[in-house]
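Report on the following structure.
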Amino acid sequence: MPNKVAVVTGGSRGIGRAIVLALAGAGYQIAFSYVRDEVAAMALRDEVQGLGIDCLALQCDVSSSDSIKGFFERVDGHFQRVDLLVNNAGITRDGLLATMPARDIVEVIQTNLIGTLLCCQQVVPGMLRQRGGCIVNISSVAAQKPSKGQSNYAAAKGGVDALTRALAVELAPRNIRVNAVAPGIVKTEMSTALIGSQEEEIQSRLLIKRYAEPEEIAEAVLYIADRGLYLTGEVLPVNGGLKMP
């Protein structure tokens, strides 16, 4: 379909940036959100527009329902439709649960799980009217194979997996597919900060002895959106064969 419109949350850097560029390369018009890094967001917007693709870069904090609502209102005003939603925005606040501040529990679940749910809620009515659409949630290997100190993050991403399956059941009668991609360790700023002194231990658990490139996660998203048309309600692991400790 010409002029397909994709929305990517948290699209200015890392995995989100790779997803934006992959979708633009496939011909999608793009709207993506960012929280703070306006310079990176505008640079990416200009890069996409240089490909001849219409692109919106808008500030949005997915931990805020009002911010989400305002973001999607602007997207709808510009494009009048959404064919693909990629819920990529997320945060980590790792630490042992016994000493974890309550705000770290609330912020991680609010951003990663509730933010994803609210973004889905914003696009579903339009997709129902169109009788078609695709939602791809970015989950994590931590939902199934968490490391120590990830109780809040694993709980949030486990919720994303459950949301994916439940929403797929709900929306299938209107030709709307809902899936998730669960990356392992990806070479991004966020992952580098989290790995720290655990690198040797993490490497020992990988069957493919390297970390994923952001573009490899983007390719999985593009596959689900454009080619995996018989997939719904699935969580696709892209983790290099990560083993439990």
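The values are calculated or read from the model by the stated rules, or taken from the named source; none is laboratory data. Predicted, not measured: the structure shown is a model, and the values here were computed from it. Cβ atoms come from the backbone with ideal geometry, glycine included; neighbour counts cover every protein chain shown.
Within segment 133-176, the set of residues being among the small types (Gly, Ala, Ser), over 17 Å from ASN239 (Cβ atoms) and buried (at least 21 other Cβ atoms within 10 Å of the Cβ) comprises GLY133, ALA156. In a residue-by-residue description of segment 18-27, the property of being surrounded by fewer than 20 Cβ atoms within 10 Å (Cβ to Cβ), modelled with pLDDT under 95 and not in a helix (DSSP H, G or I) applies to no position. Only residues that are buried (at least 20 other Cβ atoms within 10 Å of the Cβ), of a type outside the set (Val, Ile, Thr) and outside any loop (DSSP other than H, G, I, E, B) were counted in segment 203-221, giving 4. There is at least one residue in segment 175-195 that is at pLDDT 95 or above, more than 26 Å from VAL108 (Cβ to Cβ) and out of contact with any Gly (no Cβ under 7 Å at 6 or more places or on another chain). Taken over segment 26-35, the criterion of being more than 17 Å from the chain's Cα centre (by Cα) and under 23 Å from LYS69 (Cβ atoms) is satisfied by GLN29 alone.
In segment 50-147, counting only helices (runs of 4 or more DSSP H) that sit wholly within it, the ones holding 2 or more residues that are over 18 Å from VAL178 (Cβ atoms), of a type outside the set (Val, Ile, Thr) and under 18 Å from the mean Cα position of the chain (by Cα) span 65-79. Checking each residue in segment 1-11 for being at pLDDT 95 or above and either over 14 Å from the mean Cα position of the chain (by Cα) or surrounded by fewer than 24 Cβ atoms within 10 Å (Cβ to Cβ) (or both) picks out LYS4, VAL5. Pairing residues of segment 15-43 that are over 15 Å from VAL86 (Cβ atoms) with residues that are part of a helix (DSSP H, G or I), at Cβ distances under 8 Å and at least 6 apart in sequence or on separate chains, gives ALA40/ARG17.
The test for being part of a loop (DSSP other than H, G, I, E, B) and of a type outside the set (Lys, Arg) does not hold for VAL7. In summary, ALA41 fulfils each of the numbered conditions (1) in contact with a helix residue (DSSP H, G or I) (Cβ under 7 Å, 6 or more places away or on another chain); (2) buried (at least 17 other Cβ atoms within 10 Å of the Cβ); (3) not aromatic (Phe, Trp, Tyr) with the single exception of condition (1).
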